[in-house]
Amino acid sequence: MNFWTDTGHGALYTDDTLTGERFRLALERIRQMETEECVEPLFVPYFQAASGWVLLLLEQRRMLEDGSFETMPVSELAAANRALYEDIFPENYHRSWANPVYAVSVFGIETGRLMSALFYELRCMIPLAYEGDAERFLIRMELLLEVYCAFTAAFEEWSANVREDSAQNIPDGVNSPMAGQGSGSGGEEERSPIPPAAGIREKIRWFLEDYAEEETLYRVRRNLVGGSIPEKIIAEYVPGGKRCLYRYGAYVSENETGVFDYIESLDEDTIAKMADTWTEGFRIGFEVTGKDLSIRKRCSILSHVGFERVVNRAVKNLASMGLESVIPGLQADLFTQHLGRGGGSIETTSPNPQYAYDHREDLALFFNDVLRGRRLQALQEAYRNQREQTVLYAGPVVLETFGERPFSPEIREECPRFSRSQQKKISRFRQQSDQLYDKAVIGKERSFTIIAFPVPEITRGYTGGELKASFDEIFHAVIDINTLDYMTYRNIQAGIIAVLDTAEYIHVLGKNGNKTDLMVHLQTPRDPEKETIFENCVADVNIPVGEVFTTPELAGTRGLLHVTSVYLNGLLFEDLAVRFEDGRITDYSCGGFPTEKEGREYIEENILFHHDTLPMGECAIGTNTTASAEAARLGILERLPILIAEKTGPHFAVGDTCYSHEEENRIFNPDGKEIFAKENDYSLMRDTDPDKAYFGCHTDITIPYEEVGLLEAVRSDGTSVPVIRDGLFVLPGTDILNEPFQGR
């Protein structure tokens, strides 16, 4: 699709004749919507806001088309960017139609939820305007008009009936404006000036069904093949070119401008150190797992706005390995909710985390077996359509950020929630989506790497006031953590593994308020001389260095895993407790909520992901005491991402194993021993009952060193060897790991 053509007054459409005519007609009607009052008065402000929103996006597209984006002062670009997100800023959100609570307070529970979900979808048009995707922009304009026409028709019919009834002297109240709204059952006494909620729901569901194929194919291409605006932005990066931050359409906060300015100030050697560590980790990931990188031609880069200089160098590094970089643009709408793997996009600071949380299950309003089937069929067809390209995909190269204030969401009853039946179906849908993705990209032959850096917000918003450490000090400390000596950790971890390989169990006890009392049963290698239970993880796919991990034996794994506070999947969990029996979750709870029920629902949704239970998929010991000590010294422990936090103590993952979909790959430790413990009772079913083999999730829960009273290797004869006691490594040969803690 070509770029849109300016027709004046912000009207932009493609030069495709049919699409252009549809666009012209839709735009003309939306302009009328902005000023006319042809719906029930209660809904006039909503549709005026919706039409105003579309016209604002078109004006911003004009800025990109007529060249003014390249000449406007950066301050004006910042103002234009702010205008896109102003209505969902926390200070304005209470009066936003994108807020389900507000929409429900005005329109009622059924209609309010639907109208807020529609406004969410309209807000997701930002990247379409900035990408110049006229066709996908247009179908959302037409969706808005479909709903609007239903309202105008209902109001017109109601008004005609009122006039007729008045002429016949029918008593007031029989046809009151909101009488019977949303019931859809008909009847003289239930005439209403608004369409039934069921009718609105069907229009949006039809939209999701009718465009499932086109939308899914588009996303598969952008995620795995390329062609996005972010790729162009990175390729055209020039030093000091700050206006590029506003070219994505993503929200640009002080985090993005601050980190951009900071990275611009760094010398070239530091930039090289950051980018080279990142991309070399990707290459090493193929090397240590015996996979052939040369047969892959493309990888995706998932990064954060503001890191353009680092990403630009990474793209060049990957090109030298024979890899083209795919950089997906912004992705968030009703189509992408709960899609499973295969997604990802450029990241940015959220203008309001509560907004995204409120809409996390909007799909519940429309999800049924028909929609589920259409979306799965669309995925199958998209992967089939692109099969010659997807097999060339090497995997994602991820740069994530951390340092934003921990988010503890408010759970609101006005927001849509999946029913128990839908929860099971959406979990099943994610599993099937993952299977299709894994088959399309030949998962066992791909790899990944991930690295993390802080954003400026890490220095603000602490309970005790402003942080004493500067951003520069924190950033350089993280660079040092990400580039710790590979060989030192490899050798120390080899000694830890030698002891763990002799154990039947790992026993963990908490301290300092931590109530953990956990026995993790280990698998038994068939040939201890040639095989090992634990992988010696250094700086390749998971940067930084510092952990040994295994897949536990589920039978016999039991007890309580507890942490006083932990940040998982972008959410804060306080006093998190998870109980296991035979390696499976049997009970769970967390604090921070008015009732125990709300805490359980929070875990069920954000850790179990609506599964009835999950197995323990990983048992690991983090050895990166430098990261732990530096984070404590700098006062940023509470802000560490799981990527680093998991290296700062024992951690246990629930969900799939670390080797999901790659169980048949042969993996060796540096000492030449092959990793034996890659499977569990679930992944063993991947050939006989694949639907039960994987869960599509993997969440690490870390116990910090200061909360570890004891971690010991327990042998079959009952003897034990302590590895950590009172937060310090006590195994011979690990003394160096305690050096960062000296003087604490």
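The values are calculated or read from the model by the stated rules, or taken from the named source; none is laboratory data. For clarity, every value in this text was computed on a predicted model and none was experimentally measured. Note that each Cβ is placed from the backbone with ideal geometry, even for glycine, and that neighbours are counted across all protein chains shown. Note: areas computed on protein heavy atoms with side chains; ligands, DNA, RNA excluded. Shrake-Rupley method; radii C 1.70, N 1.55, O 1.52, S 1.80 Å.
Within the group TYR102, TYR93, TYR85, which residue is under 27 Å from the mean Cα position of the chain (by Cα), closer than 24 Å to ARG31 by Cβ, surrounded by fewer than 21 Cβ atoms within 10 Å (Cβ to Cβ) and among the aromatic types (Phe, Trp, Tyr)? Matching residue, one of TYR102, TYR93, TYR85: TYR85. Taking the range 151-168 as the range and being at pLDDT 95 or above, open to solvent by 20 Å² or more (accessible area, probe 1.4 Å) and aliphatic (A, V, I, L, M) as the test, only ALA153 passes. Residues in the range 486-502 that are touching a residue at least 12 places away in the same chain (Cβ under 8 Å) and not hydroxyl-bearing (Ser, Thr, Tyr): ARG490, ILE492, GLN493, ALA494, GLY495, ILE496, ILE497, VAL499, LEU500, ASP501.
LEU138 passes every criterion in (1) among the aliphatic types (A, V, I, L, M); (2) open to solvent by 30 Å² or more (accessible area, probe 1.4 Å); (3) under 27 Å from the mean Cα position of the chain (by Cα) apart from (2). Take the conditions (1) assigned to a loop (DSSP other than H, G, I, E, B); (2) under 30 Å from THR279 (Cβ atoms); (3) open to solvent by less than 50 Å² (accessible area, probe 1.4 Å); (4) not small (Gly, Ala, Ser); VAL397 misses just one of them, which is (1). Scanning the range 656-692 for residues that are more than 20 Å from ARG428 (Cβ to Cβ), out of contact with any Pro (no Cβ under 8 Å at 6 or more places or on another chain) and either surrounded by fewer than 18 Cβ atoms within 10 Å (Cβ to Cβ) or among the hydrophobic types (A, V, I, L, M, F, W, C) (or both) gives CYS658, GLU663, GLU664, ASN665, ARG666, ILE667, PHE668, PRO670, ASP671, GLY672, GLU674, ILE675.
Is it the case that the range 596-605 has a residue that's hydroxyl-bearing (Ser, Thr, Tyr), modelled with pLDDT of 95 or more and open to solvent by less than 20 Å² (accessible area, probe 1.4 Å)? Taking every residue of the range 596-605 in turn, none turns out to be hydroxyl-bearing (Ser, Thr, Tyr), modelled with pLDDT of 95 or more and open to solvent by less than 20 Å² (accessible area, probe 1.4 Å). For the range 451-473, the criterion of being part of a loop (DSSP other than H, G, I, E, B), in contact with a Phe, Trp or Tyr (Cβ under 7 Å, 6 or more places away or on another chain) and either buried (at least 16 other Cβ atoms within 10 Å of the Cβ) or not β-branched (Val, Ile, Thr) (or both) is satisfied by no residue at all. Annotation note: of PHE119, PHE155, the sole residue that is within 17 Å of VAL44 (Cα to Cα), among the aromatic types (Phe, Trp, Tyr), in a helix (DSSP H, G or I) and in contact with a Pro (Cβ under 7 Å, 6 or more places away or on another chain) is PHE155.
Where helices (runs of 4 or more DSSP H) fall entirely within the range 293-386, those with at least 1 residues that are of a type in the set (Val, Ile, Thr) and touching a helix residue (DSSP H, G or I) at 6+ places or on another chain (Cβ under 9 Å) are at 308-320, 369-385.
Whether any residue in the range 551-570 is part of a helix (DSSP H, G or I) and over 26 Å from the mean Cα position of the chain (by Cα) is what I want to check. Within the range 551-570, none of the residues are part of a helix (DSSP H, G or I) and over 26 Å from the mean Cα position of the chain (by Cα).
A quick yes/no check of all residues on (1) modelled with pLDDT of 95 or more; (2) surrounded by 18 or more Cβ atoms within 10 Å (Cβ to Cβ):
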residue	(1), (2)
GLY495	yes, no
THR516	yes, yes
GLY556	yes, no
ILE585	yes, yes
GLY592	no, no
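If I go through the range 35-83 residue by residue, how many of them are over 20 Å from MET141 (Cβ atoms) and either of a type in the set (A, V, I, L, M, F, W, C) or in a helix (DSSP H, G or I) (or both)? Residues in the range 35-83 being over 20 Å from MET141 (Cβ atoms) and either of a type in the set (A, V, I, L, M, F, W, C) or in a helix (DSSP H, G or I) (or both): 15 in total.
Can we say LYS291 is within 22 Å of ASN223 (Cβ to Cβ) and either within 22 Å of the chain's Cα centre (by Cα) or of a type outside the set (Phe, Trp, Tyr) (or both)? Yes. Per the listing LEU509, LEU522, the residue uniquely open to solvent by 40 Å² or more (accessible area, probe 1.4 Å) and touching a residue at least 60 places away in the same chain (Cβ under 8 Å) is LEU509. Name the residues in the range 609-629 that are more than 24 Å from PHE534 (Cβ to Cβ) and either touching a Cys at 6+ places or on another chain (Cβ under 7 Å) or at pLDDT below 95 (or both), would you? Hits for the range 609-629 are PHE609, HIS610, HIS611, ASP612.
On inspection, GLU324 qualifies as charged (D, E, K, R), farther than 30 Å from PHE407 by Cα and open to solvent by 40 Å² or more (accessible area, probe 1.4 Å).
The residue that is most open to solvent (accessible area, probe 1.4 Å), among those in the range 699-744 that are part of a loop (DSSP other than H, G, I, E, B) and under 30 Å from HIS610 (Cβ atoms), is PRO704. Of the residues screened, VAL220 is one that is more than 30 Å from ARG460 (Cα to Cα) and buried (at least 19 other Cβ atoms within 10 Å of the Cβ). Name the single residue that is most open to solvent (accessible area, probe 1.4 Å) among those in the range 613-655 being in contact with a strand residue (DSSP E or B) (Cβ under 9 Å, 6 or more places away or on another chain), farther than 22 Å from ASN536 by Cβ and of a type in the set (D, E, K, R). My answer is GLU638.
Answer with yes or no whether ILE506 is under 30 Å from TRP278 (Cβ atoms), in contact with a strand residue (DSSP E or B) (Cβ under 6 Å, 6 or more places away or on another chain), of a type in the set (A, V, I, L, M, F, W, C) and at pLDDT 95 or above. So ILE506 does not fit the description; no.
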